[in-house]
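Only one structure is covered here, and it is reproduced in the block below.
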Amino acid sequence: MSYTQQERLLRALSKQNVDRPPVICTGGMMNAAIVDVMRRSGFTLPAAHTDSGLMAGLAAAVREATGFENFGVPFCMTTEAELLGSDVDLGTLECEPKIAREKFPTVSAVEFRDVRRLIRDGRAAVIVSAARRLAAAHPGVPVIGSLTGPVSTAASVVDPLTFYKELRRAPDAAHRFLAHVTALLKEFCTALLTDGGATAIAVGDPSATGEILGPAMFEQFAARYLNELAAHVHALGAPFILHICGDLKRVKHLAAAIHCDALSTDAMINLPALKREFPHLTTMGNVSTFALEWGPVPKLATIARNLVRDGVDIISPACGLSTATCLANIRAVTDAVKEGAA
Amino acid sequence: MSNSINNEETQLHAALADDVVAMDETNSVGHANEIVARQFDAYTAIDQGLVEGMNRVGKLFEQEEYFIPELLLSSDAMYAALDVLKPHIRRADGDQKPKVVFGVVEGDTHDIGKNLVKIMADSSGYEVIDLGRDVPPQKFVDEAVAVGASCIAISTLMTTTMDAMAEVVTILQKLKLREKFKVIVGGGPISPAFAEKIGADGYAPSAPTAVKLLNKLLAPPASA
């Protein structure tokens, strides 16, 4: 039985049998727009951040060159904060975009705006349009819309140190702001899924780890809004992939309880052990990006084979890839996963 | 008489430490003002009260009882009281502190980890020179030379900017300055193996361990 890449991913995400795990790279914080691919294809960043044709072209070139079985857009995690007013430096070919200046000093200074209007413009519209192009041109290939999670977006719109303190000092204002951010993310998901024809939504929330927040705040401020977002995506009939950074430690049970269709983790997490502890989980990951950058090829093939052997449901990088990563190392992973089906 | 004054002074030190642990800026400022009003030694109050409090906070952080929001609020309480006490320090001992140049490497603007290390180093008696975030490799070297630093501490959260850390070491080697400075690295994607690979002197996975690393690499500062 052979599946299209979209069928295989959707089956894996809904706990149906597959011939082998899909091997994907979601885009967003975990995109594979490496310098090597950009130079070969001519679709380059930072131009592709603001042009839907270039963005779709780059996403297609990444899939073609790397062997990942999906398209992932966008190639950064600053779009959401930019929509909410922060200044963004779009970076260079080698260096991803970053927040140049957060818009507000405190959560109480945040101006609440019409989120439906916000996502019609700027780079949100570019990303939705890129997704639409990809979905239309390549039926059978999953298009993943990658978003930055509520806490990470919030900490890119309000000065992050103040934001973290206000989670304790001004929890009501922090909740109002996070609800606003989540409302924007929901609209973005709607646009990506309905207008953009995306197959799935992936969310990374690196500023909301258990190591940063601790269990109580992780539950109150991270899990709560991630669940709201997941419910919204599910109501639209699409799967929700969640990436949690860092060592889960004391929030392991809380992360495992978030309503996602796949939980992706950092390389330090033993995914088979996580699955034994929480059998309901669909696990995703977690090829070390350190190994991806430094190789060598045989080691990466072994890492990938071991993940498949150990029953990880979806194979994927464990973190953001260095743009200096060489293509051969990535191919070693994707090829090793695919050979398993033979 | 002198015993009871000593007791009161000691009690105020304990109160200051408790205020820092309790993240209570109002009380820490109140107790600092009391120290000043009663003409108790400001330097001892900083050392026995505020530094002691931050040490306890550091331990709670290592034990995963405190997390980043708590650490930041405790440091606010510490700094607010420090502002009250600093002008009253009688001993001039600032120039004996080892200097550490801190920064987040070019390409990255995530500075929370760097700020935590800075706070813990500051409260452990190091003089911290903060270059901020998105710092070019050359600037680390230039500033370290300019201020006569003992150590360069480089942080990044992004895999994409790890290579710029190696460049700092390369520049030091080219300028034949490598032996003049200790170089320590940290941040989400960094590992001890990476630190070794780029020729850094050390790696620490958290803010309290970064201070322990500084203590190990440099002569411990007078007040630590």
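We did not get these values from a lab; they are worked out from the coordinates using the rules stated. Bear in mind the structure is a predicted one, so any value in this text is a computation, not a measurement. So basically every Cβ, Gly included, is an ideal-geometry build from the backbone, and we count neighbours across all protein chains shown.
What the table below lists for this structure:
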| read-out | value |
| --- | --- |
| Helix-derived mean residue ellipticity, 222 nm - over chain B, DSSP H n ≥ 4, -39500 (n - 2.57), to 500 | -16500 deg cm²/dmol |
| Cα Rg over Rh - chain B, Kirkwood | 1.02 |
| Crossing angle, helix B:207-217 versus chain B [Cα axis fit, 0-90 degrees, rounded to tens] | 80 |
| D_trans [Stokes-Einstein, Kirkwood Rh over alpha-carbon pairs] for segment A:110-259, 20 °C, 1.002 mPa s, µm² s⁻¹ | 135 |
| Shape of segment B:103-224, Cα gyration tensor, a/c cut at 1.5 | rounded |
| Cα gyration tensor of segment B:17-76 - equivalent ellipsoid semi-axes, whole Å, descending | 23, 12, 6 |
| Theoretical FRET efficiency, 1/(1+(r/R0)^6), r = Cβ-Cβ of B:LYS86 and A:ASP114, R0 56 Å, to 0.05 | 0.75 |
| Average other protein chain Cβ within 10 Å of Cβ, residues A:162-168 | 5 |
| Ranked A:TYR225, B:TYR43, criterion: other C-beta atoms within 10 Å, fewest first | B:TYR43, A:TYR225 |
| Over segment A:207-315, equivalent-ellipsoid semi-axes from the Cα gyration tensor in Å | 26, 16, 13 |
| Helix B:68-85 vs. chain B, principal-axis angle (Cα, 0 to 90°, nearest 10) | 60 |
| Translational D in µm²/s for segment A:31-156 (Stokes-Einstein at 10 °C, 1.306 mPa s, Kirkwood Rh from C-alpha pairs) | 105 |
| Relative contact order [Cα under 8 Å, 6+ residues apart], chain B, whole percent | 18 |
| With Cα atoms, 0 to 90° folded angle of helix B:112-123 axis to chain B main axis | 50 |
| Stokes-Einstein D (µm²/s) once Rh is taken as the Kirkwood radius of segment A:302-342 over alpha-carbon pairs, at 20 °C in 1.002 mPa s | 196 |
| 222 nm mean residue ellipticity, helices alone, for chain A (DSSP H n ≥ 4; -39,500 (n - 2.57); rounded to 500) | -13500 deg cm²/dmol |
| Label-point gap, in nm, between A:ALA179 and A:THR302 - each point 7 angstrom along Cα→Cβ | 5.3 |
| Surface/4 estimate of mean projected area, convex hull on alpha-carbon atoms of the protein assembly as shown, nm² | 26.1 |
| Geometric extent, Cα atoms of segment A:36-85 - Rg, Dmax (angstrom) | 11.5, 36 |
| Computed label-point distance, nm, for sites B:SER4 and A:GLN220 using a 7 Å Cα→Cβ extension | 4.3 |
